[in-house]
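Here's the structure we're looking at; comments come further down.
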Amino acid sequence: MSELTAEIAAQAARLVVEEGLEYGPAKRRAARDLGRGSRRGVHLPDNDAVEDAVREYLAVFCADTQPGELAALRGVAALWMERLAEFRPHVTGAVWRGTATRLSAVHLQLYCDDCKSAEIALLNQGVDYDVGSVPGPRQQPVDVLSVAQWCAALGEPVTVFLTVLDHDDLRGALKSDPQGRTQRGDLAGLRRRIQTDEENAA
């Protein structure tokens with residue numbers, strides 16, 4: 001990785017942690033902030049490089065607060081995974097990977113036989129939600145339901161994004177990448193990570 005790419009990764013990491021940006025927008029803004037946004041030949045760092053930089057930033061600047069904030073967000077994730085267990089929920093993003101802070105949202109993926117069943121479940125539970133969309137695994141738009149969950153441990157609401165996927169998309173969901181890392185985990189996997197964090201903190 002070039003010196004410039006590393007510099008962009010470090011700046012993007014700061015934006016991720018301090019402003020809660022997702023990796024893509026953080027990389028593009030970092031390049032602009034460094035005066036490199038419109039120059040040809042500038043290679044943006046990949047997400048793994050940004051994640052490494054985020055971990056370094058957290059270790060230096062947030063070591064006293066981030067573990068507690070991560071634990072609170074993982075608790076919110078577990079709560080919603082229990083509430084929506086029938087849709088085979090998986091947690092992904094910073095909450096799963098362990099880099100979340102109080103500015104992070106909780107990202108859950110639901111694997112449904114009927115794409116509207118998750119909305120019906122929320123309505124039956126009396127939950128207010130908004131509907132958006134993102135590109136899905138087949139490059140077709142999929143619904144994203146967003147709800148606000150009060151988090152007593154943080155003293156503020158947390159946004160929970162529920163991405164509604166087809167049941168068939170569950171195949172291979174827990175497959176590891178070449179580095180042995182997984183992009184998401186089920187409730188049992190999340191509970192294991194919570195237990196490990198508690199043991200390490202004891």
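For the condition outside the structural domain of residue 92 (by TED's automatic domain parsing), assigned to a helix (DSSP H, G or I) and at pLDDT below 95, what is the one hit in 12, 30? I'd like the intermediate steps shown before the answer.
Numbers: 12 fails: at pLDDT below 95.
Only one candidate qualifies: 30.
Taking the stated definitions as given, is residue 97 over 14 Å from the mean Cα position of the chain (by Cα), within 30 Å of residue 199 (Cα to Cα), of a type in the set (D, E, K, R) and outside the structural domain of residue 8 (by TED's automatic domain parsing)?
On the way: over 14 Å from the mean Cα position of the chain (by Cα): no; within 30 Å of residue 199 (Cα to Cα): yes; of a type in the set (D, E, K, R): yes; outside the structural domain of residue 8 (by TED's automatic domain parsing): yes.
Against the criterion (over 14 Å from the mean Cα position of the chain (by Cα), within 30 Å of residue 199 (Cα to Cα), of a type in the set (D, E, K, R) and outside the structural domain of residue 8 (by TED's automatic domain parsing)), residue 97 does not qualify.
With respect to the conditions (1) within 20 Å of residue 85 (Cβ to Cβ); (2) more than 17 Å from the chain's Cα centre (by Cα), residue 155 falls short on a single one, namely (1).
Among the residues of the range 126-143, at least one is under 19 Å from residue 81 (Cβ atoms) and part of a strand (DSSP E or B). In the range 61-80, the condition of being touching a helix residue (DSSP H, G or I) at 6+ places or on another chain (Cβ under 8 Å), buried (at least 19 other Cβ atoms within 10 Å of the Cβ) and of a type in the set (D, E, K, R) is met by at least one residue. Check whether at least one residue in the range 20-38 is basic (Lys, Arg), buried (at least 21 other Cβ atoms within 10 Å of the Cβ), over 24 Å from residue 191 (Cα atoms) and touching a helix residue (DSSP H, G or I) at 6+ places or on another chain (Cβ under 7 Å), and report yes or no. Checked the range 20-38: at least one residue is basic (Lys, Arg), buried (at least 21 other Cβ atoms within 10 Å of the Cβ), over 24 Å from residue 191 (Cα atoms) and touching a helix residue (DSSP H, G or I) at 6+ places or on another chain (Cβ under 7 Å).
Quick grid of which residues meet (1) at pLDDT 95 or above; (2) aromatic (Phe, Trp, Tyr); (3) closer than 28 Å to residue 156 by Cα; (4) within 16 Å of the chain's Cα centre (by Cα):
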residue	(1), (2), (3), (4)
41	no, no, no, no
67	yes, no, yes, yes
78	yes, no, yes, yes
81	yes, no, yes, yes
107	yes, no, yes, yes
119	yes, no, yes, no
122	yes, no, yes, no
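May I ask you to verify whether residue 21 is more than 30 Å from residue 127 (Cβ to Cβ), at pLDDT below 95, assigned to a loop (DSSP other than H, G, I, E, B) and of a type in the set (A, V, I, L, M)?
Answer is no for this residue.
Would you be able to say whether some residue in the range 113-126 is touching a residue at least 60 places away in the same chain (Cβ under 8 Å), farther than 17 Å from residue 75 by Cβ, in the same structural domain as residue 71 (by TED's automatic domain parsing) and buried (at least 16 other Cβ atoms within 10 Å of the Cβ)? Walk me through how you get there before you give the answer.
We begin by selecting, within the range 113-126, every residue touching a residue at least 60 places away in the same chain (Cβ under 8 Å); these are none.
No: the range 113-126 contains no residue that is touching a residue at least 60 places away in the same chain (Cβ under 8 Å), farther than 17 Å from residue 75 by Cβ, in the same structural domain as residue 71 (by TED's automatic domain parsing) and buried (at least 16 other Cβ atoms within 10 Å of the Cβ).
So in the range 104-158, with the set limited to residues that are in contact with a Pro (Cβ under 6 Å, 6 or more places away or on another chain) and hydrophobic (A, V, I, L, M, F, W, C), which one is farthest from residue 173 (Cα to Cα)? Per the stated criteria, the residue is 150.
The values are calculated or read from the model by the stated rules, or taken from the named source; none is laboratory data. Given the structure is predicted, the values throughout are model-derived calculations rather than measurements. Counting neighbours? That spans all protein chains shown, and the Cβs are built from the backbone with ideal geometry, glycine included.
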